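Before any comments, here is the structure.
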Amino acid sequence: MLTQIWISGALAAVAALSAPIALRRWPGGTSVVRTATALVLAPAVAGASVALIGAGLGGWSGASAAGAGPAVGAGPPQGDSASRYPVVGMASTSDGRGYWEVASDGGVFSFGDAVFYGSTGNLHLNQPIVGMAASPDGGGYWLVASDGGIFSFGDAAYHGSTGALRLNRPIVGMAATHDGRGYWLVASDGGIFSFGDAMFDGSTGSIHLNRPIVGMAASPDGGGYWLVASDGGIFSFGDAVFDGSTGSIHLNQPIVGMAATDDGGGYWLVASDGGIFSFGDAAFLGSMGGSPINAPMVTVSVNRHGTGYWTVASDGGLFSFGGAAFLGSLVNPVAAGAQWLGNPPANVPPSPNFLNSCYPHNTGATCTAQVIQATTNARAAEGLGPMALPGNFSALSPEQQLFVITDIERVDRGLAPFVGLVAELDADAQSGAQANRDPAPSQVPPGMHLVAWGSNWAENGNPLGSNYFWMYDDGVNSGNIDCTAPGQSGCWGHRENILSLSDYQKQYGGALLMGAGEAYGTTSTGWESDAELLVLATGPLPPLSYTWAEAVAAGAG
């Protein structure tokens with residue numbers, strides 16, 4: 001039906017799908033799974049603005065080095081800039097299941113579970129972007145321009161820049177400290193500029209170099225760093241140990257980047273022809289050296305587990321080695337988990353049937369084990385393995401559990417996760433749970449604008465049970481009353497909500513945020529009531545009460 005909602009003071013016409021409440025009865029008379037779903041698109045706010053915080057003076061015309069920059073239009077993770085500007089760098093997420101590519105205009109392109117937090121792709125830059133670094137938890141990133149202008153996104157904090165300084169040589173790269181509270185910039189003469197808690201441990205700024213510096217890497221504890229020159233010469237400072245170089249070797253093509261191992265006991269160098277040179281405990285896992293490539297390599301990035309590495313070319317082509325998964329590139333984008341995004345051909349009744357053991361609200365060992373086993377069996381039918389729940393799952397709140405389960409369903413299918421739970425959205429979801437209906441966003445975090453949202457509601461024994469019926473038993477003859485006959489648009493609506501919004505994020509940018517709620521004693525059947533609110537919004541990232549990065553750190557994935 002057509003409805004209207006107010007968004008930031010503007011009346012927007014939106015299309016809504018709302019499933020009336022359905023009651024389903026299983027043999028034996030046990031009442032289960034009343035569900036409702038809603039999906040709302042708000043194209044009227046597709047051009048909403050986001051604020052960029054802490055840009056360097058030289059990186060963005062007219063900005064203050066210490067202050068917030070002007071509001072600019074949100075840029076999509078994939079866009080027109082891909083065909084007009086070369087890729088100059090990349091960084092990977094904390095779990096190694098995603099990565100970003102950055103172009104010289106600051107366009108950022110995200111793959112796997114890497115979240116798009118913003119870009120400078122639609123700003124006028126004084127100088128081009130030359131590199132990027134990710135925050136330790138993968139919740140943000142920095143971009144650096146050749147004048148040392150810094151642009152920070154997500155939880156990557158701005159600590160200063162050289163944008164207002166006259167540099168002897170241009171900046172060619174950056175590295176972040178292990179805690180994300182500082183970073184170094186390196187110039188082509190080896191000059192080092194340290195900010196935040198990044199310590200200055202020396203430079204080659206006053207040394208005559210045979211070849212210019214092209215990159216750097218930091219030691220794991222932030223107590224030192226390596227610089228690499230285009231001939232592969234290595235210069236180590238602080239606690240960064242020298243493990244060898246190609247400085248005395250004749251190279252077919254110049255070195256363009258480097259990356260260090262997780263323990264700091266070695267490093268890799270990459271040449272523009274894709275050749276890889278490994279030193280110390282850095283394992284050689286393959287290279288493109290000697291193989292034809294369409295464009296020169298520009299850098300190398302390590303899987304955070306240290307089991308593999310990626311190299312990326314200036315056309316955005318990406319090459320993966322060892323345990324570093326290929327998750328798509330600008331040259332060969334992968335449809336996110338396309339084989340897993342379709343709806344099942346039929347409902348998958350839970351096996352084992354966990355309903356009796358989980359009624360009316362149960363998170364005990366028997367109930368939980370049965371729901372997990374039923375979910376594992378249903379996922380196996382789609383070619384997916386078991387859910388990797390965090391080790392502290394049982395200690396999480398129901399709201400956090402709903403969030404984690406939803407993100408696992410997305411990430412396992414190649415979709416970006418929701419970044420975190422937001423208080424305003426949690427409150428709306430809780431209202432929905434208490435009213436036994438799908439929630440709607442009545443309040444938006446300050447400075448944010450809705451692009452699209454969806455919501456789910458169910459009554460079941462716990463969040464795992466609610467998720468089961470949303471994802472695997474939502475077709476004809478299920479608790480979804482909008483699916484009484486094959487082909488109806490409401491069939492599998494809950495599943496589609498959980499796996500939605502990525503296409504809108506690619507088109508409009510913004511952040512994926514979530515709210516969740518659970519209530520007891522509100523249903524006539526005795527089941528607990530679960531609700532979730534799934535939102536894509538543009539604007540500055542609000543405070544998050546719980547994040548996907550926290551879940552990953554506890555073993556989720």
Among Ala187, Ala164, which is closer than 19 Å to Gly131 by Cα and either surrounded by fewer than 23 Cβ atoms within 10 Å (Cβ to Cβ) or touching a helix residue (DSSP H, G or I) at 6+ places or on another chain (Cβ under 8 Å) (or both)?
Ala164
For Met448, are the conditions met, namely being among the hydrophobic types (A, V, I, L, M, F, W, C) and either within 21 Å of Pro398 (Cβ to Cβ) or over 21 Å from the mean Cα position of the chain (by Cα) (or both)?
no
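Of the residues that sit in region 260-273 and are crowded, with 23+ Cβ neighbours inside 10 Å and among the small types (Gly, Ala, Ser), which one is farthest from Ala218 (Cα to Cα)?
Start the filter on region 260-273 by keeping residues that are crowded, with 23+ Cβ neighbours inside 10 Å, which leaves 260, 267-271.
Filter once more, so that each one left must be among the small types (Gly, Ala, Ser): 260, 271.
On the way: Ala260: 7, Ala271: 19 Å.
If we take residues in region 260-273 being crowded, with 23+ Cβ neighbours inside 10 Å and among the small types (Gly, Ala, Ser), then Ala271 is farthest from Ala218 (Cα to Cα).
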For region 172-179, state whether one or more residues are of a type in the set (Ser, Thr, Tyr), closer than 21 Å to Asp105 by Cα and surrounded by 23 or more Cβ atoms within 10 Å (Cβ to Cβ).
no
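Report whether or not Leu501 is under 26 Å from Gly138 (Cα atoms) and free of Cβ contacts under 8 Å to residues at least 60 places away in the same chain.
yes
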Give just the number: which of (1) of a type outside the set (D, E, K, R); (2) under 14 Å from Leu341 (Cα atoms); (3) touching a strand residue (DSSP E or B) at 6+ places or on another chain (Cβ under 8 Å) does Trp492 not satisfy?
(3)
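If a residue counts only when it is modelled with pLDDT of 90 or more, buried (at least 24 other Cβ atoms within 10 Å of the Cβ) and touching a strand residue (DSSP E or B) at 6+ places or on another chain (Cβ under 8 Å), which strands (runs of 3 or more DSSP E) contained entirely in region 55-157 have at least 1 such residues? Show your work before the answer.
Numbers: elements: 68-73, 87-92, 98-103, 108-112, 129-134, 140-145, 150-154.
Answer list for region 55-157: 87-92, 98-103, 108-112, 129-134, 140-145, 150-154.
For every residue, the table says whether it meets (1) closer than 15 Å to Val115 by Cα; (2) of a type in the set (Asp, Glu); (3) modelled with pLDDT of 90 or more; (4) not assigned by TED's automatic domain parsing to the domain that holds Glu409.
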| site | (1), (2), (3), (4) |
| --- | --- |
| Gln505 | yes, no, no, no |
| Gly509 | yes, no, no, no |
| Ala519 | no, no, yes, no |
| Ser524 | no, no, no, no |
Flag if Asn356 is outside the structural domain of Pro486 (by TED's automatic domain parsing) and among the polar types (S, T, N, Q):
no
Residue satisfying condition, being at pLDDT below 95, under 15 Å from Leu402 (Cα atoms) and of a type in the set (Gly, Ala, Ser), within set Gly493, Gly479, Gly420, Gly487:
Gly420
The condition of being of a type outside the set (Ser, Thr, Tyr), assigned to a loop (DSSP other than H, G, I, E, B) and within 23 Å of Gly280 (Cα to Cα) holds, among His208, His250, only for His250
Given the conditions (1) assigned to a loop (DSSP other than H, G, I, E, B); (2) under 22 Å from Leu285 (Cβ atoms), and given that Ser203 satisfies all but one, which numbered condition is not satisfied?
(2)
Where the second residue is surrounded by fewer than 21 Cβ atoms within 10 Å (Cβ to Cβ) and the first is outside any loop (DSSP other than H, G, I, E, B) and lies in region 276-292, which pairs have Cβ atoms under 6 Å and are six or more apart or on separate chains?
Phe277/Thr246; Ser278/Phe284; Phe279/Asp243; Phe279/Gly244; Phe279/Gly266; Gly280/Asp243; Gly280/Gly265; Gly280/Gly266
Matching residues in region 146-186 - criterion: being more than 27 Å from the chain's Cα centre (by Cα) and not β-branched (Val, Ile, Thr)
Asp147, Gly163, Ala164, Leu165, Arg166, Leu167, Asn168, Arg169, Pro170
Looking at (1) within 17 Å of Arg97 (Cβ to Cβ); (2) without any contact (Cβ under 8 Å) to a residue 40 or more places away in the chain; (3) surrounded by 20 or more Cβ atoms within 10 Å (Cβ to Cβ); (4) not acidic (Asp, Glu), find the lone condition where Gly385 falls short.
(3)
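With Gly182, Gly107 as the choices, which residue is touching a Ser or Thr at 6+ places or on another chain (Cβ under 8 Å), within 28 Å of Gly308 (Cα to Cα) and without any contact (Cβ under 8 Å) to a residue 40 or more places away in the chain?
Working: Gly182 fails: without any contact (Cβ under 8 Å) to a residue 40 or more places away in the chain.
Only one candidate qualifies: Gly107.
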For region 358-373 the number of residues that are part of a helix (DSSP H, G or I) and surrounded by fewer than 17 Cβ atoms within 10 Å (Cβ to Cβ) is 4
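The values are calculated or read from the model by the stated rules, or taken from the named source; none is laboratory data. Just so we're clear, the structure is a prediction, and the values are computed from it rather than from any experiment. Every residue, glycine as well, gets a Cβ built from its backbone with ideal geometry; the counts of neighbours run over all protein chains shown.
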